[in-house]
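This report concerns only the one structure given below.
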Amino acid sequence: MSPRAQRPDPAGTPTPAPGSEPDETVPVLVAGAGPGGLSTAVFLGLHGVPALVVERHPSTSTAVKATGQYPHTMEALAIAGAAETVRERGRAYRSDFHMVVAKTLAGPVLRTLMSGEQLSMRHVSPEDWGTASQSAVEAVLADRAAELGARLRFSTRLTSLTQDADGVTAVTEHTGTGERRVIRARYLVVADGWRSGIRQSLGIAVRGRGTVGKVLRVLFEADLSEPLSHTDGAADGRRFTALHVGRAVLFNTEVPGLYGYFRNLTPELPDGWWTSEDTVAAQIRSDLGIPETPLKIEEISETEISCGVAERFRAGRALLVGDAAHVMPPTGGMGGNTAYLDGLYLGWKLAAVLRGTAGEALLDSHDAERRPYAEELVEQQFANLVDRISPELADESLAVALPPPVVAFGYRFPKGAVLLEPDDDGALFEDPARPTGRPGSHAPYVPLTRGDGSATSTTALFGHAFVLLTGPDGAAWAEGAAAAADALGVAVQVYRVGSGTELLDEEGAFSAAYGIGADGASLVRPDRFVAWRCTGAHPDPAAEIERALRQVLHRPAH
């Protein structure tokens, strides 16, 4: 079972009797404190909903995992108020996001897979790549969730679960003391890992390629300064994020001299060979081309590489995030990044439903919007696995690789909590360098200048409420938004962009990027996606904005 799996055990734990009083009642119970669970707790807290997070391990993960955050993840962390802390954790030990393929650790470098310099996304985002480890980000998110009102209970597992029309009832057990508590929650966020016992208990099947390989994960100490000092090596020995050598990958960690090593377990390696530290050390030396370098093995474990997506992301009052919803090969680093973003996309919806400003059906859009993207992303990561480590897995169904900016900023929601236009082609991706601004797409990044001359951007405006952007002649839209927001009890922040407004568009890019004229308007959701737009003026702006908000939020008409 994976480190994050938590299997409810209804047979071993009596279900609370109907009508019995719970030990505590919470709005949202989050089962699992990995990237998806912690992110959801953070964004719930950001919208005023305190979550209870239970995790069977004694702390957030300390295992060797992926390193690096995509710019769209850094945008989400900025909204959460955690980006600067994550940046500091990355700066402490690495100067760049850099992934290369080399013949040996000393070089020559054969190919650069990803580089913060070569793959800068500053044309579509104000953020750079993050360089912190996943374990560091999890720790930061745990602290931030607590600051925002979440309660985190480690060494606590979920042992039974029932749900009804009004909520869920769960029994938790402390793994050390055995203390059991009955928790009543309006909603449950399932974040207990890929072999999710909760997902299985909900009867949710998994679709996909399944297990496609096994990987040995090793944490070791060594002085690699000499091979890394070669001019054709990985720069100064601290620069690379991941170094691919044959079927092995070497990772930096936050501790100088401590490295992570992933090795594809191919058939030519006998079963159980890795149980001997001496054998593992010899394999590392052979793979990296450092035959005389002393190594000290700290940890060894075997894990599966899997490809799969849950057939649905919602079952009544339970919603899936992170690996419980989707699992993918680590090649490309999108597993953890996608989990962080699950919380951004789900948090505002759950909060709106709990506040009563959205209909309960809004939560159906979690599946409609996130599952198609997850399915494509899993195939993209599998294609990376074939290209970098496991060419023998290639087949006719292999996905065509999409550029990282398209994967990060170009995906769309062709269905869900958006008002698509009649001529929408239903495309799942578009080129963010040529934004359309149409509903269902990521709200385009446009650099702006405040009236005092300081720099900002459209992206800096998003994340805490609905945002209505208008052109310089959109005063009527601003008045209409205020009326609609008041009628529905929904927060809508309004910004006019252009000449004579508080936000100047000195590059003249706003109108084309958002597809609206000087008297048009674009409504952006709290998760940075365009919900609706009107290209020009409207005879009744208040009624039109109210109509749009009602449809997006699944609020019935009068």
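We did not get these values from a lab; they are worked out from the coordinates using the rules stated. Given the structure is predicted, the values throughout are model-derived calculations rather than measurements. Every residue, glycine among them, receives a Cβ derived from its backbone with ideal geometry; neighbour counts consider all protein chains shown.
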Amide hydrogen neighbours beyond the local backbone of Glu302, cut-off 5 Å, H modeled: Arg217
Which lysines does Lys349 reach when only Cα atoms under 27 Å apart count, and residues fewer than 8 places away in its own chain are ignored? Lys415
If you count, for each residue, the other Cβ atoms within 10 Å and average over each peptide, how do 429-441, 23-35 line up from highest to lowest? 23-35, 429-441
Pull up all non-local amide H partners of Leu503: gap of 5 or more, or a different chain, and H-to-H distance under 5 Å with H placed in the peptide plane. Gly498
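Using only the alpha carbon atoms of the stretch 71-228, find the Kirkwood hydrodynamic radius as the inverse mean reciprocal pair distance, in angstroms to one decimal. Write down the numbers at each step before the final one.
Values: mean 1/r = 0.0496 Å⁻¹.
Evaluated on the stretch 71-228, it is 20.2 Å.
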For the chain (alpha-carbon point model, no solvent) the Debye-based log₁₀ I(q)/I(0) at q = 0.07 Å⁻¹ works out to -0.42
List the lysines whose Cα sits under 25 Å from the Cα of Lys65, skipping any in the same chain fewer than 8 residues away. Lys103, Lys214, Lys296
Please name whichever of Leu468, Thr172, Phe413 sits farthest to the positive end of the charge dipole of the chain, dipole taken about the Cα centre and charges placed at Cβ: Lys and Arg +1, Asp and Glu -1. Thr172
Using a 10 Å cut-off on Cβ atoms, rank the peptides 156-169, 287-300 from the highest mean neighbour count down. 156-169, 287-300
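So what's the back-of-envelope 222 nm ellipticity for the chain, counting only DSSP H runs of four-plus at -39500 (n - 2.57) apiece and dividing by all residues, rounded to 500? Could you put the intermediate results ahead of the total?
Values: 13 runs with 150 residues, N = 558.
Estimated from H runs of four or more residues: -8500 deg cm²/dmol.
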Compute the relative contact order of the chain as a whole-number percentage, counting only Cα pairs closer than 8 Å that sit 6 or more residues apart in sequence. 15
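Assign one of three labels to the stretch 430-470, namely rounded, prolate or oblate, based on the Cα gyration tensor with a ≥ b ≥ c the square roots of its eigenvalues; rounded applies when a/c is under 1.5, prolate when it is not and a/b is larger than b/c, and oblate otherwise.
Details: a/c = 2.57, a/b = 1.51, b/c = 1.70.
The shape class here is oblate.
Under the √(5λ) rule applied to the eigenvalues of the Cα gyration tensor, what semi-axes describe the equivalent ellipsoid of the stretch 447-553? Give them in Å, descending. Provide the component values of the computation, followed by the final result.
On the way: eigenvalues 93, 43, 28 Å².
Over the Cα atoms of the stretch 447-553, the semi-axes work out to 22, 15, 12 Å.
Below 8 Å between Cα atoms, with a sequence gap of 6+, how large is the relative contact order for the stretch 331-406 in percent?
With pairs under 8 Å counted, the relative contact order is 31 percent.
Find out how many positive minus negative residues lie around Glu546, taking Lys and Arg as positive, Asp and Glu as negative, among other residues whose Cβ is under 11 Å from that of Glu546. Write down the numbers at each step before the final one.
Values: positive: Arg547, Arg550, Arg555; negative: Asp486, Asp540, Glu544.
For residues surrounding Glu546, the net value is 0.
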Binning at 5 Å from 0, report for the stretch 369-506 what percent of all alpha-carbon pair distances ends up in each bin. 2, 8, 14, 15, 17, 14, 11, 7, 5, 4, 3, 1, 0
For the stretch 209-306, calculate the relative contact order in percent as a whole number, restricting contacts to Cα pairs under 8 Å that are 6 or more residues apart. 45
Give me the net charge of Ala358's neighbourhood, meaning all other residues with Cβ under 13 Å from the Cβ of Ala358; Lys, Arg count +1, Asp, Glu -1. +3
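Anything in the chain that counts as a DSSP H helix reaching 27 Å or more along its axis (C-alpha) with Kyte-Doolittle mean of at least 0.5? List them, would you? Numbers along the way, then the final one.
On the way: long enough: 334-355 (32 Å, 0.42); 364-388 (36 Å, -1.25).
TM-like helix candidates: nothing returned.
Assuming 0.36 nm per residue, please report the length gained on full extension of the stretch Asp164 to Ser225 beyond their Cα-Cα distance. Each step should come with its number before you reach the end.
On the way: separation 61, 0.36 × 61 = 21.96 nm, distance 5.94 nm.
Here the segment from Asp164 to Ser225 would lengthen by 16.0 nm.
Relative to the Cα centre, what is the charge dipole magnitude of the stretch 275-386, using +1 at the beta carbon of each Lys and Arg, -1 at the beta carbon of each Asp and Glu, and rounding to the nearest 20 debye?
Details: 9 positive and 18 negative charges, 137 e Å.
Magnitude of the dipole: close to 660 debye.
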Report, in debye and to the nearest 20, how large the dipole of the chain comes out about its Cα centre when Lys and Arg carry +1 and Asp and Glu carry -1 on their Cβ. 900
Using a Förster distance of 25 angstrom, determine the FRET efficiency expected from the C-beta separation of Val109 and Glu88, and round it to 0.05. 0.30
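Per residue and in cubic angstrom, what volume does the convex hull of the Cα atoms of the stretch 400-474 have? Walk me through the intermediate numbers first.
Numbers: hull volume 10.3 nm³, N = 75.
Cα convex hull per residue, to the nearest whole number: 138 Å³.
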Unit charges at the beta carbon, dipole of the stretch 209-306: most positive-side option, Val212, Ile300, Phe262: Val212
Scattering profile of the stretch 209-306 from the Debye formula, Cα beads only, expressed as log10 I(q)/I(0) at q = 0.18, 0.22 Å⁻¹, is -0.84, -1.21
About its Cα centre, the stretch 447-553 carries a charge dipole, from +1 on Lys and Arg Cβ atoms and -1 on Asp and Glu Cβ atoms, whose size in debye to the nearest 20 is 360
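Less than 12 Å Cβ to Cβ from Gly81, Lys/Arg counted +1 and Asp/Glu -1: what total charge do the surrounding residues give? All intermediate terms of the calculation are to be shown ahead of the outcome.
Numbers: positive: Arg144; negative: Glu84, Asp143, Glu147.
That works out to -2.
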